[in-house]
Structure formats: structure tokens, C-alpha cells
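Colleague: Have a look at this one before I ask anything.
The values are calculated or read from the model by the stated rules, or taken from the named source; none is laboratory data. A quick note: this is a predicted structure, and the numbers were derived from the prediction, not measured. Positions of Cβ are backbone-derived with ideal geometry, glycine not excepted, and every protein chain shown enters the neighbour counts. Calculation scope for accessible area: heavy atoms of the full protein, side chains included, ligands and nucleic acids excluded. Shrake-Rupley method; radii C 1.70, N 1.55, O 1.52, S 1.80 Å.
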Amino acid sequence: MSSLSLFDRLGEKLVRNLAEFSSRRSVLGTVGAAMAAPAFPVLPVARAAEANAAPVPSTQTLTDFERKAQSTDPTKCDYWRHCAIDGLLCGCCGGGIHTCPPGAEPSPVSWIGTCRNPDDGRSYVIAYRDCCGRTTCQTSADCHCNTSDHEMPIYRPQASNDIIWCFGTQTAVYHCSTAAIIGQAG
Amino acid sequence: MAGLRKSRWAAMAIAAAGLSGVSGTPSARAAQPVLQAEQSTVATLPTMSSHWFLPATGSESYTLYNGDTAQILGTLPGDLISNAAFSPDGKTFYVAVTMWARGDHGPREDFLRAYDAHTLALVKEIELPPRALAVYKIQNMDLSQDGHWAYIFDMSPATGITVIDLKAGKVVRTVDTPGCALVFPWKSGGLSSLCGDGSLTNVAVDASGAAKVSHVAPFFDANNDPVFEQSPIDRHAGIAFFITYTGKVFETSLGATPTIGTPWTLSAAAGQPVATTGVQDVAWRPGGKEPFAYQRATRQLYALMHMGTYWTHKREGNEIWVYDTTAHTLLRRIALPADCVGIAVSQDQHPLLYALTGEGKAFVMDAASGKVLHTIDARIGGIALTPDL
């Protein structure tokens, strides 16, 4: 077993891939799209955060989830930010909508979703950051959500919610999932 | 406590009185042979049957069942992020696992474990590079049809395929497959992976384990109608049925230069309105955790179907639709006793069909008639494997 931490190995692999970037653009795209950290200023997520408020669409066909979404209880699967979440809500495990429970560690990378806030009618980019490094939260079945608006297969990892998104954390053990706003969807 | 003890004694006295009444006179009891002391033994398994199936169960095991009797045969360790496979010769089970030395922390270890199919003894552990970790993703691992190679999908998050020589019991190499994922083995000599641009990356693996990568042009719209990860394959023929969220079927002969057929559509082949990508277009669609199964002997495709809009690709199904993949026609519809998230089918001439609920049950059915032969309620997960002997 390598003595390097996962983070070190991850970093090394990324650097190696970046060094050969002419054939690895897709890796950059994949990682870039998923990264929520400010290390890559050209990322779609970063752009979303910096974008001016987009106009509220006047005629928008809503998905089933969007039609039923509520904005008052973030510990329910039908809370509007949970349109593409697969996992246990950290808010049911001692944490919150963007807060890991005590003892867990947020993953610096995540999959992302685009969810519509029923209060203002705008769509927002949501980073579903997993909290890691603690055994799986044992909470009520109501807090185990599996929604799939805009959810994609694992070969589009930035939008895939079956992956254990615990890259770059001390261990890749899954605990629960959060849903942080990154910015308005352009 | 005293009250409890008293009531226990009372219950035992009643039971003893009942027993003496049944067993007759003292002389009749004396005529019965004395029960002998027993030695502990360990069961072994008969030759693998096509009617065995291996569902994920609970959160820490795969459980081997005899589909004919619905009885448990044995247990293999493996959690939600493990991968299991039957060897093509029916002599070995493989399970790829990832664990941490101290439970939720400490050094990470990834292994491919080999279990003898007669004794379920752990006979080999092959150390692996870090595997891709995803919940119940059957196509993260597969074996070559000759049983020589295992292919395992890696994601760190850069993607690649680890090639393992099962005969030598060691990793041969890891092949970078940027932007691509999953394992769809060829008839022989390699595997293909699905890519984020709607194409395939093809990895030829020669007898020495050397790898050569090739690509094909995009053939599906990954942005608007992606291919299911769980698209089924015929390992013997090296054919994949790549099926999109709306139910388009691309029959593909896998290889270094794959042949991709003209797509047909599950809904149209059933005489139903064609499912579109509309988020309010309610139509029959495939969905679930393991929504497809392919029966090689009959060339029939089984699809778990539900009525829903686009983006309901993970929703449970209430019917299984069975297709003739040569004529592209619907043969029959099987109504399920409860909504199910996964299906599997045996590969013999008289196939059993397995349908798995999201709440721990499995229905064992006659695949031809759809008749439910057994119902198992034992913490069954959403996926199951069957041997392809």
C-alpha cells in the first residue's frame, strides 16, 4: 500500500494528467465541472457564481419534482435543492443543508445539479458535496433521497449521483450528502 | 423479573405436559433410540446451476440463492460499493472490495477476492489500485469470456481500466480512459467503455496483457438522451444493447472497431407512443437500479418499464416488457406484484426471471409465463447477478 494519502495521490494524478493535457482535456473538463474549489477560475461552477442574475423564465415547463418542490423544510427529499440528490441528508444526521455533521469532512469536489427555487422561480447550480470520513449516517428512511432531475450516467461524472464523492478527503468513506448553492444557473 | 421467571416456568410446564401427552406411555418412549451427540460440519455446494442467483443483500453481503427452491445457499462478503462476478466456468466467484484499515479511516485497501464455488472458501486476494466507488454499479467490473482477465473501472477522479490476469493472480496494467467509464467486455480480446461525448473507447488486450486503445465517433446524444450505465450484454457473442433514457436501443457488436446498429425504440416496438425527452411527456419508459436483462438462449431483452416523464430513469417499474431483439417486437408484458427496481434472468433454456423491490423482496418467476414461483423477503437489494455458464 502506498504511504501517500489519497489526497496526495489524487493531486499527483491530476498533475500528471494536466501535464499531458493535450490528450486529457476531457479529464480537465470532468474535474473542472465537478470542482467547487476556486482553484480553477474558468470552471462552469465559478462562472455560474459570478453571473449576473438571469431573468426569470416566464414560460418554463417544470419537471414533476419542480412542480411539487417546497422551500420550507430542508430535511425532506422534496426540498427544492434536492432535485438530483442520491444519499442521506446531512440535515438529518447532525449537520445541515451545507454543513457536515460533527466529525465528518466535506468533500472539496462534488456532483452538481440545477434546481429551481419555487420562491423566486430561478434555477440555481447546486453542489451536492458529500460528507466523508465517518461511517454511514443511520437516520430515518425519509431522509434517504434518490431524485434524478438532470442526473446523468457515471461517464458524465459531474452530473452523476451514484458516485461516492469523497475525493480529496482523508478517507473516501461516505457519511451523508449536502446541497450547497453555488450560484444562479446561467 | 420475578413475574417473568414465574410465567416462563408456567409455560415450560404446559409444554412438558403437552409433550408427554403426545409421546405416549413410558414404555413407548424407552423404545425410541437415544439421540446421539453431533459433530459440527460445514456444508458444500453442488455444481453451479443456471438457476442460482446472487442478489446484493443488506449493506454488507451478496447472498447466493437457488432460484428453484428460493433457499439460501451461502453468503459472500460485499457492501454497496463492491462488485461481484461469476467466473464463466462456474468454478469461482469474484468480489471486488474496498476497505479502510480502521473502519472509517486508516489506509485504504482495494482487493479482488476469489471464492471457490464449491466451498465458498476465500482462495485468493489480488491487491488492486483504487477502484471507482459508486453504489451498486454492476458494469464497474466484468470478466473476459475465457475467464483469463478481469477488467475493473477506476475513478480517482481521472478514469481508467485496471486489467487483472486471473490465472497469474496479479494486476497487469491500468489503462487511462479519459472521459470514459464502465466495462463492456468483447467476445474476446478486450472491452469497451462508454464516453461522455456519446462515443466508445475500445481497449484491446492481447495474450500478454498489453493494451491498445481505439475510439469510435459519437453515436448517441449524451447531453439529451444518454445511454444507461446498466445496458445489458451478451458475453458469448460480444454484443451490447446500449439503451438510452428514452428507450432507443443500439445493438452493438463490440471490438476494436465496433459495429453499431440502427437504433430501434422500446416504446415504438411495443406499439406505444414514442417516449421523448419532454419533462412533461408521460410515456412508458425503462427505469430503476438494474432495469435490463438479456436472455442469450432466446435473444430476448427484458426491460423494467414504468409510465413517467423524462428524468425518471431511476424510478421503479410496475411491468417487465419482453422483446425479440431480432425482430424488434414486443413479445409479452409481465405485470409485477409490486413495484420493482431491478431485474435479472437466468441463461438456460427454461429461464427464471427475478424482480427485486426496493424494500427487500425478490419475486422468482417463470420467465415464459410470468407466473410468480416464489417470493423471498430477506433484505434483498436492488441488483442481482446470474451465472452465464
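Colleague: Being in a strand (DSSP E or B), open to solvent by 20 Å² or more (accessible area, probe 1.4 Å) and in contact with a Ser or Thr (Cβ under 7 Å, 6 or more places away or on another chain) is the filter; apply it to the range B:67-93 and report the residue that is nearest to residue B:347 (Cα to Cα).
Modeller: So, considering only residues that are in a strand (DSSP E or B), open to solvent by 20 Å² or more (accessible area, probe 1.4 Å) and in contact with a Ser or Thr (Cβ under 7 Å, 6 or more places away or on another chain), the one nearest to residue B:347 (Cα to Cα) is B:72.
Colleague: Mind listing whichever residues of the range A:95-105 are under 12 Å from residue A:177 (Cα atoms) and surrounded by fewer than 23 Cβ atoms within 10 Å (Cβ to Cβ)?
Modeller: A:95, A:96, A:97, A:98, A:99, A:101, A:105, listed by residue number.
Colleague: Sort through B:373, B:301, B:330, B:336 and tell me the only one that's assigned to a strand (DSSP E or B) and in contact with a helix residue (DSSP H, G or I) (Cβ under 7 Å, 6 or more places away or on another chain).
Modeller: Testing whether each residue is assigned to a strand (DSSP E or B) and in contact with a helix residue (DSSP H, G or I) (Cβ under 7 Å, 6 or more places away or on another chain) leaves just B:330.
Colleague: Further question: Return a yes/no flag: does the range A:178-185 have any residue that is within 12 Å of chain B (Cβ to nearest Cβ) and open to solvent by 10 Å² or more (accessible area, probe 1.4 Å).
Modeller: Checking the range A:178-185: not a single residue is within 12 Å of chain B (Cβ to nearest Cβ) and open to solvent by 10 Å² or more (accessible area, probe 1.4 Å).
Colleague: Counting only residues that are among the aromatic types (Phe, Trp, Tyr) and assigned to a loop (DSSP other than H, G, I, E, B), which one in the range B:215-246 is farthest from residue B:260 (Cα to Cα)?
Modeller: B:245
Colleague: Still on this model: Which residue, of B:332, B:315, is touching a Gly at 6+ places or on another chain (Cβ under 9 Å), open to solvent by 10 Å² or more (accessible area, probe 1.4 Å) and within 20 Å of residue A:162 (Cα to Cα)?
Modeller: Exactly one residue qualifies, and that residue is B:315.
Colleague: Going by the conditions given, is residue B:96 within 30 Å of residue A:132 (Cβ to Cβ), among the small types (Gly, Ala, Ser) and more than 9 Å from every other protein chain (Cβ to nearest Cβ)?
Modeller: Yes.
Colleague: Which number in (1) at the interface with another protein chain (Cβ under 10 Å from one of its Cβ atoms); (2) under 26 Å from residue B:265 (Cβ atoms); (3) in a loop (DSSP other than H, G, I, E, B) marks the one condition that residue B:193 misses?
Modeller: (3)
Colleague: Examine the range B:136-151 for a residue that is in contact (Cβ under 8 Å) with a residue 24 or more places away in the chain, part of a loop (DSSP other than H, G, I, E, B) and under 23 Å from residue B:291 (Cβ atoms), and state whether such a residue exists.
Modeller: The answer is yes, given that some residue of the range B:136-151 is in contact (Cβ under 8 Å) with a residue 24 or more places away in the chain, part of a loop (DSSP other than H, G, I, E, B) and under 23 Å from residue B:291 (Cβ atoms).
Colleague: Acidic (Asp, Glu), at pLDDT 95 or above and open to solvent by less than 20 Å² (accessible area, probe 1.4 Å): which single residue out of B:221, B:234, B:281 fits that description?
Modeller: Matching residue, one of B:221, B:234, B:281: B:234.
Colleague: Every residue in the range A:70-109 that is under 15 Å from residue A:126 (Cα atoms), in a loop (DSSP other than H, G, I, E, B) and either of a type outside the set (Asp, Glu) or within 16 Å of the chain's Cα centre (by Cα) (or both), please.
Modeller: A:71, A:74, A:77, A:83, A:84, A:85, A:97, A:98, A:107, A:108
Colleague: What residue, of B:171, B:123, is hydrophobic (A, V, I, L, M, F, W, C) and over 30 Å from residue B:255 (Cβ atoms)?
Modeller: When all the criteria are applied, what remains is B:123.
Colleague: Of the conditions (1) buried (at least 21 other Cβ atoms within 10 Å of the Cβ); (2) in contact with a Pro (Cβ under 7 Å, 6 or more places away or on another chain), residue B:216 clears all except one; give me its number.
Modeller: (1)
Colleague: Is one or more of the residues making up the range A:141-150 within 8 Å of chain B (Cβ to nearest Cβ), on the phi > 0 side of the Ramachandran plot, in a loop (DSSP other than H, G, I, E, B) and under 17 Å from the mean Cα position of the chain (by Cα)?
Modeller: yes
Colleague: Here's another thing I want to ask about it. Which ones in the range A:65-94 are more than 16 Å from residue A:181 (Cα to Cα), in contact (Cβ under 8 Å) with a residue 60 or more places away in the chain and within 12 Å of chain B (Cβ to nearest Cβ)?
Modeller: Across the range A:65-94, the qualifying residues are A:65, A:66, A:86, A:87, A:88.
Condition check ((1) at the interface with chain B (Cβ under 10 Å from one of its Cβ atoms); (2) assigned to a loop (DSSP other than H, G, I, E, B); (3) open to solvent by 10 Å² or more (accessible area, probe 1.4 Å); (4) touching an Asp or Glu at 6+ places or on another chain (Cβ under 7 Å)) across all residues:
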residue: A:112; (1), (2), (3), (4): no, no, yes, no
residue: A:119; (1), (2), (3), (4): no, yes, yes, no
residue: A:124; (1), (2), (3), (4): no, no, yes, no
residue: A:127; (1), (2), (3), (4): no, no, no, no
residue: A:131; (1), (2), (3), (4): no, no, no, yes
residue: A:137; (1), (2), (3), (4): no, yes, yes, no
residue: A:152; (1), (2), (3), (4): yes, yes, yes, no
residue: A:158; (1), (2), (3), (4): yes, no, yes, no
residue: A:166; (1), (2), (3), (4): yes, yes, no, yes
